[in-house]
Amino acid sequence: MKKTVAEHAARFDDIASEYDDSGTEEYRACASLVIEHAAPESDDVILDIGTGTGAIALALAPDAEAVVGRDISEGMMEEARSKAADQGLENVSFGYGTFREPEYDSPVDVVTSNFAMHHLSDEEKREAIDAIASLEPQRFVLGDVMFFGEPDPSEPFYDPEVDDPATVGELADAFTDAGFSLTAVERVHDQVGVLVAERGA
């Protein structure tokens, strides 16, 4: 991780109120694919890590039993809580948690994340995927900055000063080593994609 958790949290606290207006077309496409692949059943519990302002969590809540959002930025989660209240959603909650320590130990069916894991180093991503695997979800849907080819820092999807994206191959290996099988790979851009990993697939 190129910045500390506290530094990342402060950065997102500062932009929380404008964050929903700042997404690129690729970011929105990625979020839509994460929501589509999560496809919760009415009795599913969803854990959304790096939930931010709740875009994924709030979209899934009407179709799930419960959605738990985890983030490091209180400012971002305050935006999420406000939107949940405005939408009358009572089955979604938000609290502090990281990929490697999600602060969650109850049953979970589906784990989702969009545009968050790329802040971790490759080793930290493996630790995160292992931590999520220990929760025994049936499915993990990851939308993120990831390299399908050679990385190009002139592209708009990552900043080498704060971001540390992995190759699709590295992520696939990490999922496989943690006991998942990749069941879908969606390429949104040379540096943006969605991976669907399932247990027992």
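Things worth noting here:
- Extension gain from residue 24 to residue 163, taking 0.36 nm per residue of separation minus the Cα-Cα distance: 48.4 nm
- Cβ-derived FRET efficiency at R0 30 Å, residue 127 paired with residue 78, nearest 0.05: 0.60
- Neighbour counting of Cβ atoms within 10 Å sorts the residues 189, 118, fewest neighbours leading, into 189, 118.
- Karplus-derived HN-Hα couplings along region 33-38 (A = 6.51, B = -1.76, C = 1.60, θ = phi - 60°), whole Hz, x at Gly and Pro: 5, 4, 4, 4, 6, 5
- Convex hull of alpha carbon positions in region 29-88: directionally averaged projected area 3.8 nm².
- Sorted on the mean count of surrounding Cβ atoms within 10 Å across their residues, most packed first, peptides 80-86, 101-107 read 80-86, 101-107.
- Each peptide among 67-73, 158-164, 175-181 gets the average number of other Cβ atoms lying within 10 Å of its residues, and from highest to lowest they stand as 67-73, 175-181, 158-164.
- Cα-based shape type of the chain, given that a ≥ b ≥ c are square roots of the gyration tensor eigenvalues and the cut on a/c is 1.5: rounded
- Placing a pseudo-label 7 Å from each Cα along the Cα-to-Cβ vector at residue 138 and residue 182 gives an inter-label distance of 2.3 nm.
No value in this document is a laboratory result; all are computed from the given coordinates. The model shown is predicted, which means the values in this text are computed figures rather than measured ones. Neighbour counts run over all protein chains shown; Cβ positions are idealised from the backbone, glycine included.
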